[in-house]
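What follows is a single structure, written as structure tokens, with notes after it.
Just so you know, all these numbers are worked out from the coordinates, no wet-lab data involved. Computed from a prediction, not measured in an experiment: that's the story for all the values here. Every residue, glycine as well, gets a Cβ built from its backbone with ideal geometry; the counts of neighbours run over all protein chains shown.
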Amino acid sequence: MFDSPFLYLSACSIKNRVLKRVRRLREPRYLIGAVVGVAYLYLAFFRRVRIRRGTAARSIGFPPEVLGAIQLAGGFILWLVVAARWIFPIPTQPLRLSGAERDFLLTAPVTRRRITSYKLLRSQIAVFLSTALMLVFAWNAVTSRWAFLLGMFLLLTTLRMHLLGVALSRATLRRAAGRPDPATIAAIAVIAVASAGALLALAPGVLAFARTRDLATALLTVHETASRPVTVAALLPFTLLVRPVFAAGPGSFLVAAWPAVVLALVNYAWVVRCEERAETSEATSELQTVEGKRSPPRPVYRRAPFALATHGRPEWALVWKNLIMLGRYANAAMLLRVAIPLAVFAIAVAGGRQRQLAAAAFPFAIVISCGLTVLGPYSFRNDLRQDLARLAVLKTWPVSGERLLWGEVLAPTIALTAIVWVCILLTAVLVLAAPPTALGWPAWLAIAASAAIVLPVVILAQVVVQNAAVVLFPGWVATGPSRPRGVEAMGQQMLMFAGSLLLLLVGILPGAVVGALVTFVGSYLIGWPAIFPGAAALAALLIAEIVLAVRLLGDVLDRTDPTAVEAG
Amino acid sequence: MIELLAVTKLYGDLRAVDALSFAVARGEVVGLIGPNGAGKTTTLRCVAGIQRPSSGTIRIDGHDVVAEPIEAKRRLAFVPDEPQLFDYLTVSEHLRLVARLYQVVDADAAIPPLLEQLEIADKRSALPAELSRGMRQKLAVACALLHRPVALLFDEPLTGLDPLGIRRMKQTILACAREGAAVIVSSHLLHLVEEICGRIVIIAKGRKVADGTLQELADHPGLAGADLEEIFLRATGHDAEASSGQNAEK
């Protein structure tokens, strides 16, 4: 199966990849990133391993009934992941061949099955490394570290292969529009039986919760129904995969592992079979070749947010463009799945006056708003971080660097502001349901209004900082749709993150001081509502800083040579 | 219309472009040719305002590309060898974007005939991933022509086009010149350059080694040759290749 040309290819690839990573450490940005990344990993994780090395492994030893419950819970989670993927497919290319693999391997006198086996086995390296990292996380919590390592590796490998099989089966069914093959039918049957068992176990618990509104009672009910032989049998394929992870020693591991190995081999055979069917049913476009390790996401056409006039400030052309980018790469279904339940929940709570639930959710909504403000700009990258790869195009436009930057930073700011404002509104609805005792309505109204002003300006500041990093240190920031990988890339990102936060805090400080003073003085006159003019003062100062920063960065952008960026 | 005065571009110690001077008048099509690494693309990128020359002056319709970049770029269009499109914008949205950037107020009237002329009207709602290489090239050309530039730069404009596309592209370039634009075409396809360019500038190692019409170059002592290929080879110091080519044909 892993014949000499594939072994040779793998060995050379790994060797050259390592050499390339080592050689690039000659560049300061990678060396510093590597130092930071390694230091973080050591301090956060490996130091625990080192400290504990001299001591005997501490056996936690779960009681059998607890261990059984944990394994059952693990089986539930696995079932959920697999069932979700059958029902909600993620548009992905199942077995990606690079351009070179396509041109060399597909044209070579080797069977498709051998190529599939090669790709599957190559991918196990990454799975093993991930498992090793998990072991470091769980070093002090596991009974047998070897069992955990090998058991988790077996679990993740099998899961990954099964999910590959799901994607391939769906692709084949879509293309062939015919009857699925017996192996796929068997897989669907197993999932269906497991789903029936899981739902049988969960249903009484849901009903119990609806009746009693007590979570503990509901969980106990689920545990009782899940322990029945019918449910255990239905979820057996999943719990069999989980058992080796919690084995106490070599003997129990071997006993628990062999069914998991059988499952892994069955899934392997199924994937290979699916892949062959995909090829013969001409579903090869689902197995598209891509350049490089990861394929960039594909945009999906959706309506533009607004009609762009042919005259007016050029910045708005960029805002329009980047909002389109956001909409066409975002998965709207995912967003709706989060937004709709949240909105329904908030409205229902407000209408039904569920004080207890609202009081619990209220701080959660606050955290979401603040979290989006601070971390949202790292996820919403529809700005210069995406467009830097097109800098040569941008520089042919009759638009100054300053205006280009304004156009770039406004789009993610607008999108994030819209979400944060919705969160503030939902928070206000929750406050209606659970009125606070200490503060009156004017105070809460002032707080909400202040947040509505300040948070968007902080978001804008964050986005400007992110784009400033791109302009000033293009080699340090991940640009475009792909993400750099490796310890040095992680270290770079950590440095940039820390630097961005520090810069943001320094930038906010003057405004915060002025705002606090205004609020303090105003509070003697109008009480809590004085927070609003304080917030306005903070926002105004921060905007002034942002305007100045964009002007300076615009000059830098005007002088930036795209060749230097492209070479980096 | 397009003026380069002693333009130099340095990358560290490397002189990618070395004191290059030439001009392109309105209605003229000038071919910019040279060996690989001669500095053709660097020259075009400096003229387009993508890169700043290390020294020298570039003017587009009298506007210095460095001192008055906005005014210069407003009159200019650059079609690179590899079309750089936004993956998430449709054909019509690309043109809409360009219309706004260049303030083309009559874009609603100008876009449909432009799409028809370039034979991509039926692809107006397509994303770049749905277009063939040739269609992406046509879209890049459409974006370049929408604002009616007075200076046009083409870098390897025929790459990836089918025979009909090649013919259309040549017709488009000549039409732009007829309408008064100053056009620079950089290409390795010497027969194309011979066919559509009234004047040829040959550069090697960043320096201009020849500048003139085909007849003027052929009449130059030391550059006597039957066609542009031999002129090119001799001008760039490959006399032996030029001679062996002549002998082979005999």
Task: Sequence-distant residues sharing a close amide H with B:Asp211 (under 5 Å, placed H) - done: B:Ile202
TODO: Taking 7 Å along the Cα-to-C-beta vector as the label spot, tell me the B:Thr57-A:Ser13 distance in nanometres, rounded to one decimal.
DONE: 5.7 nm
Open item on the list: Output wanted: per-residue J couplings in Hz (rounded whole) for the range A:541-546, from phi through Karplus 6.51 cos²θ - 1.76 cosθ + 1.60, θ = phi - 60°, x for Gly and Pro.
Closed with: 5, 5, 5, 4, 5, 5
Task: Gaussian network model of chain B, springs between alpha carbon atoms under 10 Å - residue of B:Arg167, B:Arg234, B:Arg199 with greatest fluctuation - done: B:Arg167
- [ ] Provide B:His188, B:His94 in ascending order of the number of other Cβ atoms located within 10 Å of each residue's Cβ, fewest first.
- [x] B:His188, B:His94
Task: Mean separation of Cα contacts under 8 Å, 6 or more apart, over the residue count of the range B:99-249: relative contact order % - done: 14 percent
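Counting Lys and Arg as +1 and Asp and Glu as -1, each charge on the Cβ, what is the dipole of the protein assembly as shown about the Cα centre in debye, to the nearest 20? Numbers along the way, then the final one.
Values: 82 positive and 58 negative charges, 665 e Å.
Charge dipole of the protein assembly as shown: 3200 debye, to the nearest 20.
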Task: Average projection area in nm² (convex hull over Cα atoms of the protein assembly as shown, one quarter of hull surface) - done: 44.3 nm²
TODO: Mind sorting A:Glu488, B:Glu82 by how few other Cβ atoms lie within 10 Å of their own Cβ, fewest first?
DONE: B:Glu82, A:Glu488
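Let me make sure I get this right: for the range A:61-275, a, b and c are the square roots of the gyration tensor eigenvalues over alpha carbons, sorted descending. Under 1.5 in a/c it's rounded, otherwise prolate if a/b > b/c, else oblate. Which is it?
Details: a/c = 2.36, a/b = 1.43, b/c = 1.65.
Cα axes put the range A:61-275 in the oblate bin.
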TODO: Under a cut-off of 17 Å between alpha-carbon atoms, report the lysines in cross-link reach of A:Lys20, not counting same-chain residues fewer than 8 places apart.
DONE: A:Lys293
TODO: Kindly put A:Thr157, A:Thr107 in sequence by how many other C-beta atoms sit within 10 Å of each C-beta, fewest to most.
DONE: A:Thr107, A:Thr157
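Write out the GluC sites (Glu not before Pro) in the range B:1-100 meeting two conditions: DSSP loop, and at most 11 other Cβ atoms within 10 Å of their Cβ. Don't skip to the end; give the middle numbers.
Working: sites: B:Glu3, B:Glu28, B:Glu71, B:Glu93; in loops: B:Glu28.
Nothing satisfies the criteria.
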Task: In sequence order, calculated HN-Hα J values of the range A:194-205 (Karplus, 6.51, -1.76, 1.60; Hz; x Gly/Pro) - done: 4, 5, 4, x, 5, 5, 4, 6, 7, 4, x, x
Open item on the list: Which log10 I(q)/I(0) values does chain B give at q = 0.13 Å⁻¹ under the Debye formula, counting every alpha carbon as one identical point scatterer?
Closed with: -0.82
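How much length is gained on full extension from A:Val262 to A:Ile87, taking 0.36 nm per residue of separation minus their Cα-Cα distance? If you can, show how the numbers build up before the last one.
Numbers: separation 175, 0.36 × 175 = 63.00 nm, distance 2.54 nm.
Taking A:Val262 through A:Ile87 to full extension adds about 60.5 nm, to one decimal.
What does the average come to when, for each residue of peptide A:218-229, you count the partner chain Cβ atoms lying within 10 Å of its Cβ?
On the way: counts 0, 0, 0, 0, 0, 0, 0, 0, 0, 0, 0, 0.
Mean partner shielding for this stretch: 0.
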Open item on the list: Using a Cα-Cα cut-off of under 29 Å, which lysines could be cross-linked to B:Lys208, ignoring same-chain neighbours fewer than 8 residues away?
Closed with: A:Lys395, B:Lys9, B:Lys40, B:Lys73, B:Lys170
Open item on the list: Positive end of the dipole of the protein assembly as shown, charges at C-beta (+1 Lys, Arg; -1 Asp, Glu), about the Cα centre: which of A:Gln462, B:Gln51, B:Thr159 has its Cα farthest in that direction?
Closed with: A:Gln462
